[in-house]
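Enquirer: Supplied in structure tokens, the structure appears directly below.
The values are calculated or read from the model by the stated rules, or taken from the named source; none is laboratory data. Worth saying up front: this structure is predicted, and the values here are computed from it rather than measured. Here Cβ is always computed from backbone atoms with ideal geometry, including for glycine, and neighbour counts include all displayed protein chains. Heads up: the accessible areas ignore ligands, DNA and RNA and are worked out on the full protein's heavy atoms, side chains in. Shrake-Rupley method; radii C 1.70, N 1.55, O 1.52, S 1.80 Å.
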Amino acid sequence: MAKRFRGPELSDQDDQARQDDGSAFTYTHPPTDELPIHKHRLQILYALERHQVLILTGEPGSGKSTQLPQYLCRAGYTQNGQQIAITQPTARSAAQLSARLGSATRAAPGPTRIRCLADQRLVGEFMQDPLLSQYSAVIIDKAEQRTLWTDLALALLKKILRRRPDLRIIVALASPDIGRLRAFFPGALALSISERPHALDIHYLRTPCEDYAAAAVATALRIHAAEPPGDILVFLPCAAAIDAAQALLLAADHARLEGDGRPRLGGGGRPRLVATPLYADPPATAQHPALGAAPAGTRRAVLATGLAATSATVPGITHVIDTGLHTVRVFDPRTGADRLCTRPISQACARLRASRAGRSQPGKVYRLYTAAAHGRLLRPQEEGAEVRRVPLAPLALALLALGVRDLARFDFLHAPPPELLAQALGELASLGAVSARCGAALTPLGRQMAELPLEPSLAACVLSGARAGCAREAAAAVAVLGAGALFASRHGAPAAAAFAVREGDALTGANALLAFRATPRARRLRWCRARALNMATLDRADHAAAQLTAKLQRMGYSMAPSPACAGGQPEALQKCMAAGLFANAARLCPQDNLYRLLRSGDPVHVHPQSVYFAQSARPEFVVFAHALPTAAAKTYIRGLTAVDSAWLAAQAHFYEAH
């Protein structure tokens, strides 16, 4: 492992290969007059003439996402330079929708007057323009997912309706359970698209199964043996269940090997069944088989978490196997830690999963639970609202920046628990973002933190770096921490050791990103492959760092390279990471070489993507960016930075409070 922070590395390889992050796919679209929404287009436009808010329900695949903005555009909602916004729960799904709209309109992705953006990005636009004056219409798509930012966007839109009588809001969702939405938006009109794009044949178990992973694999093998061509999508609750199911499918494939060691196609020329995992944050190279078309001569069994029903669209699916379970992250404000709970999905989620088999042709759904369980055991949809179970510091910071002082009385679609709000304000106070003496008012630092599209703790890291003269390096480090897996392998890569430094993952990521930026674009693909780095992650980090740099420059900070970091003295950058992540501090226990959290004493494990994963000599104190609990009651820490105990002692008031 290299000893010190490094500057940009110039590539010595001559690579003329094209740049490709694996995220672009060719989308095929059915004729628009065949989509169920087509026959309702005049009804939708007429309803918007009479009502400011339209609640539109319809099955996935009915055309809500791709057709609604185009209907509004043709109806004149983009006249006088105004725009139409359509939001998605995540940035990933917003980018995917932008590509689909660009393909459907035979234009560049993201038509000029139709903006596809994440719900969080829309909340950020309220800070720049509280009345959203550039938009004539806002479509909140996939509202049934009830993310933190979806709920906040809906609450803010409700507040500006009186000031913007010309603004039209469409809340589009797949669930017919809209009672709370209708009460939240008095006077809103509800319209339902009851037609399903294609027929679905739904099957249930006669008796409950004990091992859902084994039952899912057995069902996939039966489908492969008896059903006509078409890919299989298997919904499993977590990555561990996906790995177990993949191992079972690989074992079944090996059992069919011929004497020469090559897989046979199966009886009657059936294609080979290939297991493909898809979870929330795999390397981009692992996502290619799932998000692209199936290779010739194969049938895919895509083993997925709920990502495949929400953020990602998997083409070619004709059969869905649904275990009826998902893993939910629940935050405990008393301990400040997350835990994962495996729970039954809601009926709305079951419908959403089933619809993945009927988007482009008739499909079949195999639910690995009984029909009685579907009606009796599955939770109501609204219990899944994130605002009731995740840390609220980002939400509290956004509301305070928008001038909301009494967070407890703010009109949410679903009120957050008071203890979560109290914990959020306590975290912001410890970061210096709010002043308790002034009634939880934002400090100047808090106002700057609210302008950065980051978690409050990471925003504090960047701003601390900017004040210390290493804004460029801090922005690079934080951008990589939030972009995903740096290494192309799930367990890191020895080839990336040229960038690894003993100070930890944040500085290693900054090394890699600065070197990536110094490499000509035409040579970056082979450059990343030679170093086993994830090019999609570095591309996202490069974009995020550019956004952070622009905002910091507008705040008046210098973006010149830090002489100390360039000279191999990165202590200033390490102190910046400690300044924002001090609540996530851990100390090494020599007896078992595990870290234990300073605030609770709970053991945590180093994530396989960390540069410390395979190291026997680890620093005594670290701070980390992300804690990833697992269903096996293990918690992995990711994005580690070595720190000095004296730096943490400066935050002793925080540990006394906890």
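Enquirer: Checking Arg92 against (1) at pLDDT 90 or above; (2) out of contact with any Pro (no Cβ under 6 Å at 6 or more places or on another chain), which test does it fail?
Expert: All conditions pass for Arg92, except number (1).
Enquirer: Another question about this same structure. Please note which helices (runs of 4 or more DSSP H) are completely contained in the range 391-494 and include at least 2 residues that are over 27 Å from Gln615 (Cβ atoms) and open to solvent by 50 Å² or more (accessible area, probe 1.4 Å). Outline the logic, then answer.
Expert: Working: elements: 393-401, 418-430, 444-451, 456-467, 471-481.
Qualifying helices (runs of 4 or more DSSP H): 418-430, 444-451.
Enquirer: Something else now. All but one of (1) in a strand (DSSP E or B); (2) within 19 Å of Leu352 (Cα to Cα) hold for His198; state the number of the condition that does not hold.
Expert: For His198, the failing item is (1).
Enquirer: Now a separate question. Could you figure out which of (1) within 24 Å of Arg339 (Cβ to Cβ); (2) within 29 Å of the chain's Cα centre (by Cα); (3) modelled with pLDDT of 80 or more isn't true of Ala633?
Expert: (3)
Enquirer: Examine the range 230-249 for a residue that is at pLDDT below 85, in a loop (DSSP other than H, G, I, E, B), open to solvent by 50 Å² or more (accessible area, probe 1.4 Å) and in contact with a strand residue (DSSP E or B) (Cβ under 7 Å, 6 or more places away or on another chain), and state whether such a residue exists.
Expert: no
Enquirer: Pairs under 9 Å by beta carbon, first residue in a loop (DSSP other than H, G, I, E, B) in the range 600-617, partner open to solvent by 30 Å² or more (accessible area, probe 1.4 Å) and of a type in the set (A, V, I, L, M), six or more apart or different chains?
Expert: Going by the 9 Å Cβ cut-off, the qualifying pairs are Ser600/Ala337; Asp602/Ala337; His607/Leu628; Pro608/Ala614; Val611/Met1; Val611/Ala497; Gln615/Met1.
Enquirer: Given the condition within 12 Å of Val53 (Cα to Cα) and surrounded by fewer than 20 Cβ atoms within 10 Å (Cβ to Cβ), answer yes or no: does some residue in the range 168-181 qualify? Working first, answer last.
Expert: Going residue by residue through the range 168-181, those that are within 12 Å of Val53 (Cα to Cα) are 168-172, 181.
From the residues that got through so far, the ones that are surrounded by fewer than 20 Cβ atoms within 10 Å (Cβ to Cβ) too are none.
Looking through the range 168-181, none of the residues is within 12 Å of Val53 (Cα to Cα) and surrounded by fewer than 20 Cβ atoms within 10 Å (Cβ to Cβ).
Enquirer: A further question on this structure: Can you name the residue in the range 584-626 that is open to solvent by 40 Å² or more (accessible area, probe 1.4 Å) and closer than 20 Å to Val480 by Cβ and is also modelled with the highest pLDDT among such residues?
Expert: Residue satisfying both the conditions and the ranking: His626.
Enquirer: For the range 201-217, enumerate the residues that are part of a loop (DSSP other than H, G, I, E, B) and either open to solvent by 70 Å² or more (accessible area, probe 1.4 Å) or among the aliphatic types (A, V, I, L, M) (or both).
Expert: Within the range 201-217, Leu205, Arg206, Thr207, Pro208, Glu210, Asp211 meet the criteria.
Enquirer: Is at least one residue of the range 275-295 open to solvent by less than 10 Å² (accessible area, probe 1.4 Å), at pLDDT 85 or above, assigned to a helix (DSSP H, G or I) and touching a strand residue (DSSP E or B) at 6+ places or on another chain (Cβ under 7 Å)?
Expert: Checked against the condition, which is being open to solvent by less than 10 Å² (accessible area, probe 1.4 Å), at pLDDT 85 or above, assigned to a helix (DSSP H, G or I) and touching a strand residue (DSSP E or B) at 6+ places or on another chain (Cβ under 7 Å), the range 275-295 yields no hits at all.
Enquirer: Sticking with this structure for a sec: I'd like to know if the range 510-522 contains one or more residues that are open to solvent by less than 50 Å² (accessible area, probe 1.4 Å), touching a residue at least 40 places away in the same chain (Cβ under 8 Å), in a helix (DSSP H, G or I) and of a type in the set (Val, Ile, Thr).
Expert: Step one: list which residues in the range 510-522 are open to solvent by less than 50 Å² (accessible area, probe 1.4 Å), which gives 510-516, 518-519, 522.
From what is left, the residues that are touching a residue at least 40 places away in the same chain (Cβ under 8 Å) are 510-511, 514-515, 518-519, 522.
Subsequent filtering for residues that are in a helix (DSSP H, G or I) retains 510-511, 514-515, 518, 522.
Subset that is of a type in the set (Val, Ile, Thr): none.
For the range 510-522, residues open to solvent by less than 50 Å² (accessible area, probe 1.4 Å), touching a residue at least 40 places away in the same chain (Cβ under 8 Å), in a helix (DSSP H, G or I) and of a type in the set (Val, Ile, Thr): absent.
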